[in-house]
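Quick notes on the structure that follows.
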Amino acid sequence: PDARAALGVADWAAWDAHLAARPIRPLRWEGIALGAAGIVAGDRPLAMADADALCAQTAGWSAEDPPREAFFVERLDALGDAWLLTGERKYVDAFERAVAAHAPLLRAMMAEVDAPHQRGGAFAPYHDFQIIRAYQLAYAYLTLREAGLAAETHATVMWTVLRACRFAEFNIRTMYVYGNHQLYESAGLAMTAALFPEFPESDGWAR
């Protein structure tokens with residue numbers, strides 16, 4: 001609930017309208033052009049293949065019985081690319097199904113541990129990679145910002161992003177680990193802060 005309060009919006013409909021109008025737009029890693037024009041021609045078949053595979057994989061997913069595969073939302077950027085390239089609603093629907101399944105799975109995993117570093121590995125709800133997962137989810141989300149996303153999708157994505165940013169800041173201050181972990185966690189937090197300057201904490205995250 002405090003994701004909306006942190007953003008300072010009255011409801012998710014207001015946030016949806018704000019996102020559609022604001023000038024901040026995500027760029028692909030290798031591009032300088034916005035939207036479909038920024039998707040390199042050689043990447044398009046790969047993005048479409050990945051998106052179609054995700055549509056098939058997520059067809060039966062639900063918040064009531066989320067599969068453990070729903071933890072890996074960093075893969076969803078292909079759905080945003082496919083929507084930009086085709087305008088087909090099935091890619092938006094697959095994104096929303098995946099997001100809806102991710103949140104209860106993450107909350108359940110958080111409830112299984114009582115210390116941040118009690119569980120390691122791919123399914124750790126407290127891990128420095130969480131900020132990269134949230135950043136890649138945010139990229140897909142912002143790519144789909146004009147697709148008419150449901151209020152529940154906005155709420156879930158923004159809670160996931162806020163939670164990951166707050167944990168990354170905590171982790172950097174208290175448990176900062178070695179090597180490339182420092183690079184990807186700090187860079188991920190700074191990039192996510194840049195994508196969402198609406199959070200009052202974003203300037204602090206960037207610093």
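The values are calculated or read from the model by the stated rules, or taken from the named source; none is laboratory data. Computed from a predicted model, the values in this text were never measured in an experiment. Note that each Cβ is placed from the backbone with ideal geometry, even for glycine, and that neighbours are counted across all protein chains shown. Only protein heavy atoms, including side chains, enter the accessible area calculation; ligands, DNA and RNA are left aside. Shrake-Rupley method; radii C 1.70, N 1.55, O 1.52, S 1.80 Å.
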Mean accessible surface per residue for the chain, computed with a 1.4 Å probe while every protein chain stays in place, in Å²: 47 Å²
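According to the Kirkwood expression over distinct Cα-Cα pairs, how big is the hydrodynamic radius of the stretch 1-86, in Å? Could the numbers behind the result be given before it?
Working: mean 1/r = 0.0649 Å⁻¹.
Here the Kirkwood hydrodynamic radius works out to 15.4 Å.
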The stretch 1-74, dipole about Cα centre (Lys/Arg Cβ +1, Asp/Glu Cβ -1), debye to the nearest 20: 380 debye
Carbon/sulfur fraction of accessible area - the chain, other protein chains in place, 1.4 Å, %: 58 percent
Using alpha-carbon coordinates, inclination of helix 151-174 to the longest axis of the chain, degrees: 40 degrees
Three semi-axes of the equivalent ellipsoid, the chain, Cα gyration tensor, whole Å, largest first: 25, 20, 18
